[in-house]
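Every read-out reported here was derived from the displayed coordinates using simple, explicitly stated rules and does not represent laboratory data. As the structure is a prediction and not an experimental result, all values here were calculated from the model. All Cβ positions, even for glycine, are placed from backbone atoms using ideal geometry, and neighbour counts span all protein chains on display.
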Amino acid sequence: MRGAARQLGAIVGSIGATLLLLLASREPRQLLVRRARLALPRPRESATGLRLAFLTDFHAGGPGTSTQLSRTALHLLASWRPDLVLLGGDYFDQGNMVDTALFDELARYENVFGVLGNHDYRRGTTNAQAIVRFLEARNVRVLRNEFVTITVERQQGATGTIELVGLDDPYTGYDRPEILKRPLPPHPRLLLAHAPSVVERLPVGCSDLALFGHTHWGQVRLSPSRTIGLLDAAWYLDRWRHKPHARLQRGWFWEKGMLVYVSAGIGLTQLPFRLFASPEILCLELDPDAHDLQRACDDPLRYIRSSTVRHTLQREERR
């Protein structure tokens, strides 16, 4: 009986491992477009209807379908018609700039802002500066511990104003979160940075919304938790590089008096697959009527109405 039980256990284990491998190889071919109507904690009528898009962790030239996913993400962005495009860093895997027209699509948008990630610094500050110049040639303004006030012209002459704060990469220590001690403006403030580890060092109430990438949601994850754990591949990568873990790993949070989103990103690194951490882009529309007053003030779902569209890479897109 014991021998039969062991044999059955081995068969079940083999089937389970095979299914996980199939899922892990399939997931990098499916890009999620997460669309959400968002009510900011400090509602401002002047920003109503503004459309934002957040894309991060492209890892162009990286393993698997990284480049193809990034190309598809930028193509799908056009249908959202964003007023503001925000980029969260890690444009080239391992900082290895490849000759690509991938990011040329960004030049069509008027307001495109980005920050640098740890892979952008992987080959040193000189290479990081070359990546900045590459992006600037494509109409991307890279923020390195800077504030910028953006006024977007809307339909029928209406305008929307926000303040954007871009921090340099927290993972490599180039960020200066103390700049956020500056009082909030009358219009919404958005914080953009690569790694969510900086949240622990932010002043309370320093922004209305913060957007991060870096974690890939673990890239390979077996944990149901939204925080990092031993069942996340990212936990071991951080240990290997002797870096502190980012407590916030995936999805929406309420932290330090603001809404926080940590994106799974688009591309892949180190491993050519993902598991329960689908690549994604985030499309937001500011809408003060999107809140759910039945939820607590510190519940992020109080402020969000979301939907998801899944796009599967076609055969020609994988080439």
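Annotations for the structure displayed:
- Residue order for Leu301, Leu192, fewest other beta carbons within 10 angstrom first, comes to Leu301, Leu192.
- Ordering Gly173, His216, Ala137 by Cα displacement along the dipole of the chain toward the positive end leaves His216 in first place; charges were set at the Cβ atoms of Lys, Arg (+1) and Asp, Glu (-1).
- FRET efficiency for the Thr149 to Asp289 pair, using the beta carbon distance and R₀ = 22 Å, is estimated at 0.30.
- Looking at the range 177-284, none of the GluC sites (Glu not before Pro) sits in a DSSP loop with at most 11 other Cβ atoms within 10 Å of its own Cβ.
- FRET efficiency for Gln129 and Ser306, using Cβ-Cβ distance with R0 set to 35 Å, rounded to 0.05: 0.40
- With one equal scatterer per alpha carbon and no solvent term, the Debye-computed log10 I(q)/I(0) for the range 2-318 at 0.09, 0.16 1/Å reads -0.44, -1.41.
- Helical mean residue ellipticity (222 nm; -39500 (n - 2.57) per DSSP H run of 4+; nearest 500) of the chain: -6000 deg cm²/dmol
- Working note: Cα gyration tensor of the range 126-195, eigenvalues times five, square-rooted, sorted largest first, giving semi-axes of 25, 19, 7 Å.
- Translational diffusion coefficient of the range 160-319 (Stokes-Einstein, Kirkwood radius from Cα pairs, 25 °C, 0.890 mPa s): 144 µm²/s.
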